[in-house]
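Single-structure report; data block below.
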Amino acid sequence: MVTRQSMINPRPAQGPTLTQEHAWSVAATVTDPELPVLTIEDLGVLRSVAVHGDHVTVTMTPTYSGCPALEAMCDDVTLALTAAGYGTVDVRTTLTPAWTTDWMSDAGKRKLTEYGIAPPSGRAAIGQGPIRLRLAVRCPRCGSLDTREVARFGSTSCKALYECRSCLEPFDFFKVL
């Protein structure tokens, strides 16, 4: 089985592992329909891929349990893997462990900034310990920290709407979850 961790720290591939890595690379090209600049790998929702013959099982963790984009992502993964020649594709979702913005790749965070969305800053408060406070959100357009929250929810529930007081542009901020 190929997991997100094994793709970050890959081992030399041998035998059937090549097929699993290929299946991962195909699934990893699927984009989030709400954030088309991010792949499901960038977002961190692609968790594992297992191949048994021509059967592929993909496991994904949605950004939250009511994510409206999940069905489209599952369909797109199925279509991509079927088009790549895999016979049977089973896409499963798991809610445990819960998705966190900590799973987002650095490349994904850069893509968000280039797209005009402030990426999550800091790490999610999981378990015990100090709770981090967000002191400022950097404007993805001009880089200013002179910003203010306009609405707690932006274009999707995982984003908040902000305004930059320097360039006067509105922008979404991807919340730290």
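The values are calculated or read from the model by the stated rules, or taken from the named source; none is laboratory data. On a predicted model such as this, the values are computed, not experimentally measured, just so you know. Glycine also receives a Cβ, built like all others from the backbone with ideal geometry; neighbour counts cover every protein chain displayed.
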Inset, instruction - Look at T61 and say whether it is under 18 Å from A50 (Cα atoms) and in contact with a Phe, Trp or Tyr (Cβ under 9 Å, 6 or more places away or on another chain). - result: yes
Inset, instruction - Could you please find all residues in the stretch 147-170 being out of contact with any strand residue (DSSP E or B) (no Cβ under 7 Å at 6 or more places or on another chain) and at pLDDT 95 or above? - result: S166, C167, L168, E169
Legend entry - Considering residues of the stretch 56-86 that are of a type in the set (S, T, N, Q) and closer than 22 Å to A107 by Cβ only, the residue modelled with the lowest pLDDT: T63
Legend entry - Test for T29: is it within 22 Å of M104 (Cβ to Cβ), among the polar types (S, T, N, Q) and modelled with pLDDT of 90 or more: yes
Inset, instruction - Could you check how many residues of the stretch 38-55 are touching a Phe, Trp or Tyr at 6+ places or on another chain (Cβ under 7 Å) and at pLDDT 95 or above? - result: 3
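Residue-by-condition table, conditions (1) β-branched (V, I, T); (2) more than 14 Å from the chain's Cα centre (by Cα):
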{"residue": "I40", "(1), (2)": "yes, no"}
{"residue": "A50", "(1), (2)": "no, yes"}
{"residue": "H55", "(1), (2)": "no, yes"}
{"residue": "M60", "(1), (2)": "no, no"}
{"residue": "G66", "(1), (2)": "no, yes"}
{"residue": "A80", "(1), (2)": "no, yes"}
{"residue": "G85", "(1), (2)": "no, yes"}
{"residue": "V91", "(1), (2)": "yes, yes"}
